[in-house]
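Shown next, in structure tokens, is the structure this report addresses.
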Amino acid sequence: MISYVLPTRNRPHRLKRTLLEIARLGDHAACGGAEVIVVDNASDEPPILGDSLENGIGLRLIRRLTNEGAAARNHGASVAAGDWIVMLDDDSYPTDLAFLEALRGLGDDIGAVSADIRLARGDAQRAVRESGGLPEVFIGCGVALRRSAIECVGMYDPAFGYYVEEYDLAARLLLAGYRVAFEPRFRVTHAKDAGNRDMNLILERLVRNNAWVMQRYAPDVELDERLRETRRRYHAIARKEDALAGYARGRLDLWKTLRTQPRTPMPAPIWDRFTGLAAARAALQTEYARSPFRSAMLVDTGKNAYVVAQALSELGVRIVSYGEDAEALVVATMSPGPMLDAYDARRRARRGRGPRVIAPWTLAEEIPALAAA
């Protein structure tokens, strides 16, 4: 059985459209049925829902009296009956049911399954994937969590509010011996509303919460540099988004709270999986063995670009600057969505000419639509 859990707040029309999309998926008989649990995060007017969707799937509403952020998911998970709990937002939904077969074939060590999340487009342009996440860190609006795994490690930490809470949960899964798998057959559409986003609040949360994760889990030898890298990354984003005031508030809150975070430094092998370095090493070593290259330019830089640079350096590959000749162009982000989109676009633009294009994750070669580009 599958349990869908989605929090909502003050978006009744968006919630209604999402529930209609889930209803269109069918009755889920192949997995023993399904249920939908909506957790209302203290909406001004609570949504009015029936007992089931049009496809017969049971529907349940849990009403919270305060806005608990992403931790509202915990209340839905606590009453879920499914062996797998599919976490969605009130504007995200599975595109089809192909993921059910994928879930059935997974080993017991898989604690979470990340979806290939596409942003909904109202035109004929190529769909763009959601940003965020890492090879073994999922995105909250499209992930299937094994119920027995989260019963073992606990759910979302309410202290995070929104943003980065899934990094903390993924870290605890890895430390408990579980793996996080990216499954291309698990396709989720995110009808993301770009309007009404308070970028100052977002940057305030991002700099604080990402630094909290580093403080909690980075090995001692990595901690100071990772905290500096976090501050640099989100300061640059804040400048780009005209959100320096929010960044400053986040830095102040971080100064007050950083040393209060519980410390559980990861062993190096687990840390390398958490940051994506293990995936980058495997992919780049495979590419190098296939056809050695001596120089590379980092392109489309994003989340954890430093691990791509480190993996190349370990191979003895020289990283060149723009304007210099390079034997390879290496996509320098470990976030699945941006990495796959950048790799796809550069492969299509190359058309057999110029330096070869390399992705820092073998996943790019495993998705047929990309491998054929």
Original post:
Looking at the range 103-262, what % of its DSSP beta bridges pair antiparallel, to the nearest 5?
Top reply: 35
Original post:
Across 5 Å bins from 0, what is the distribution of all Cα-Cα pair distances for the range 199-269, in whole percents?
Top reply: 4, 20, 27, 22, 14, 8, 4, 0
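If you take every residue apart from Leu252 with its C-beta less than 10 Å away from the C-beta of Leu252, what net charge results, scoring Lys and Arg +1 and Asp and Glu -1?
+2
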Subject >> Table column - 3J(HN,Hα) (Hz), the range 312-329, Karplus curve with 6.51, -1.76, 1.60, x for Gly and Pro >> reply: 5, 4, 5, 7, x, 7, 7, 8, 9, 8, 4, x, 8, 6, 9, 7, 8, 9
Subject >> the chain - charge dipole about Cα centre, Lys and Arg +1 at Cβ, Asp and Glu -1, debye rounded to 20 >> reply: 920
Subject >> Burial ranking of peptide ranges 226-233, 25-32, 298-305, 111-118 (average Cβ count within 10 Å, highest at the top) >> reply: 111-118, 298-305, 226-233, 25-32
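Which number do you get for Rg(Cα) / (2.2 N^0.38 Å) in the range 128-194? If you can, show how the numbers build up before the last one.
On the way: Rg = 12.4 Å, N = 67, 2.2 N^0.38 = 10.9 Å.
In units of the globular-protein estimate, the range 128-194 measures up at 1.14.
Order the peptides 54-64, 83-93, 246-256 from the highest to the lowest mean number of other Cβ atoms within 10 Å of their residues. Show your work: numbers first, answer last.
On the way: 54-64: 15.2, 83-93: 23.7, 246-256: 17.9.
Order by mean packing, descending: 83-93, 246-256, 54-64.
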**OP:** With Cα extents along the principal axes in Å defined as stated, name the option among [x] 63, 56, 35; [y] 64, 63, 49; [z] 62, 49, 40 computed from the structure displayed.
**Re:** [z]
**OP:** Using the Kirkwood radius over Cα pairs, work out the Stokes-Einstein diffusion coefficient for the range 27-76 at 25 °C and 0.890 mPa s, in µm²/s as a whole number.
**Re:** 205
Subject >> Anchor Lys303: lysines whose Cα lies under 16 Å away (excluding residues fewer than 8 positions away in-chain) >> reply: Lys240
Subject >> Assigned charges on the beta-carbon of Lys, Arg, Asp, Glu; the range 1-121 dipole about Cα centre (debye) >> reply: 380
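Suppose we keep just the DSSP beta bridges with both residues in the chain; what percent of those would be antiparallel, to 5? Mind dumping the intermediate values first?
Values: 14 of 51 bridges.
Approximately 25 percent, going by the DSSP bridge assignments.
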Original post:
By how many nm would the segment from Trp255 to Ser291 lengthen if fully extended, with 0.36 nm per residue of separation less the alpha-carbon distance?
Top reply: 8.2 nm
**OP:** List the residues whose amide H sits under 5 Å from the amide H of Arg179, counting only those 5 or more places along or on another chain, with H placed 1.01 Å from N in the peptide plane.
**Re:** Ile110, Gly111, Ala112
Original post:
Rounded to the nearest 500 deg cm²/dmol, what is the calculated helix-only ellipticity per residue at 222 nm for the chain, with -39500 (n - 2.57) per DSSP H run of length n ≥ 4?
Top reply: -12500 deg cm²/dmol
Original post:
In Å, what is the Rg of the alpha-carbon atoms in the range 2-190, and how long is Dmax?
Top reply: 15.4, 44
Original post:
Taking +1 at the Cβ of each Lys and Arg and -1 at the Cβ of each Asp and Glu, which of Leu277, His235, Ala181 sits farthest along the dipole of the chain towards its positive end, judged by Cα position relative to the Cα centre?
Top reply: His235
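Laboratory data are not the source of any read-out in this text; all were calculated from the coordinates shown. Every value quoted in this text rests on a predicted model; they were computed, and no experiment measured them. Heads up, the Cβs are rebuilt from the backbone with ideal geometry, glycines too, and the neighbour counts pull from every protein chain shown.
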